[in-house]
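Encoded as structure tokens, the structure appears first; notes follow it.
Nothing in this text is a laboratory measurement; each read-out follows from the coordinates by a stated rule. Predicted model only: the values in this text are computed from it and were never measured. Positions of Cβ are backbone-derived with ideal geometry, glycine not excepted, and every protein chain shown enters the neighbour counts.
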Amino acid sequence: MSRLAAGDIAPDFSLPDDTGETVSLYDLRGRKVIVYFYPAAMTPGCTKQACDFTDSLASLQAAGYEVIGISPDKPEKLAKFRERDALTIRLLSDADKTVMQSYGAFGEKKLYGKVVEGVIRSTIVIDEEGRVELAQYNVKATGHVAKLRRDLKLDA
């Protein structure tokens, strides 16, 4: 599994969102995109992170960023997640984990001291030309959005 670094070209993808509409990274060219990968909808850490991104969405958009969350959950579960927690960010389904693998966000990780294979909580910031501006792996669910805002030099 290779991880992305600043300057790399972000792998293009087309994935279904929670409404079944296909979202393509290519269609977002010309805008900055924050793509974050999370293990499972409706779990405590993932809910906290999704709510933090939702709470920051207006200010992130004002700074020129789109936010996309990607998990292996099916679109139907993502729709329930959005509804249950009043999420306003776009949620995409990568059921076969192909996109996660291409971004280095799926592979071996430590979970409660054991090495397992799974989703690596990661955030990739992509610039207007489709290049990686920032790549963060093994991020914490709680406090991550605030740290990301600091790293992007946005007002906290």
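Does the stretch 79-151 classify as rounded, prolate or oblate by the C-alpha gyration tensor (a ≥ b ≥ c root eigenvalues; a/c under 1.5 gives rounded; else a/b over b/c gives prolate, otherwise oblate)?
Rounded.
Based on the Cβ-Cβ distance of Ala62 and Ser24, what FRET efficiency does E = 1/(1 + (r/R0)^6) give at R0 = 22 Å, to the nearest 0.05? Efficiency at R0 = 22 Å is approximately 0.40. Here the relative contact order of the stretch 16-156, from alpha carbon pairs under 8 Å that lie six or more residues apart, stands at 29 percent.
Counting only DSSP beta bridges whose two residues both lie in the stretch 14-151, roughly 65 percent are antiparallel.
Radius of gyration (Cα atoms) of the chain, expressed as a multiple of 2.2 N^0.38 Å: 0.95.
In the chain, taking the dipole from charged Cβ atoms about the Cα centre, the farthest positive-side position among His144, Ile9, Thr22 is held by His144.
Determine the sum of side-chain charges near Asp17: Lys and Arg each +1, Asp and Glu each -1, restricted to other residues whose C-beta is under 10 angstrom from that of Asp17. Taking every Cβ under 10 Å from that of Asp17, the sum is 0.
Report the gain in length on full extension from Glu76 to Arg31: 0.36 nm times residue separation, minus Cα-Cα distance, nm rounded to one decimal.
Gain on extension, Glu76 to Arg31, equals 13.4 nm.
Considering only DSSP beta bridges with both partners in the stretch 1-76, what is the antiparallel share in %, to the nearest 5?
35 percent
Run down the lysines and flag those whose C-alpha is under 19 Å from the C-alpha of Lys32, throwing out any fewer than 8 positions away in its chain. Leaving aside lysines fewer than 8 places away in the same chain, those within reach of Lys32 are Lys147, Lys153. Highest average first, the peptides 17-27, 38-48 ordered by how many other beta carbon atoms sit within 10 Å of their residues are 38-48, 17-27.
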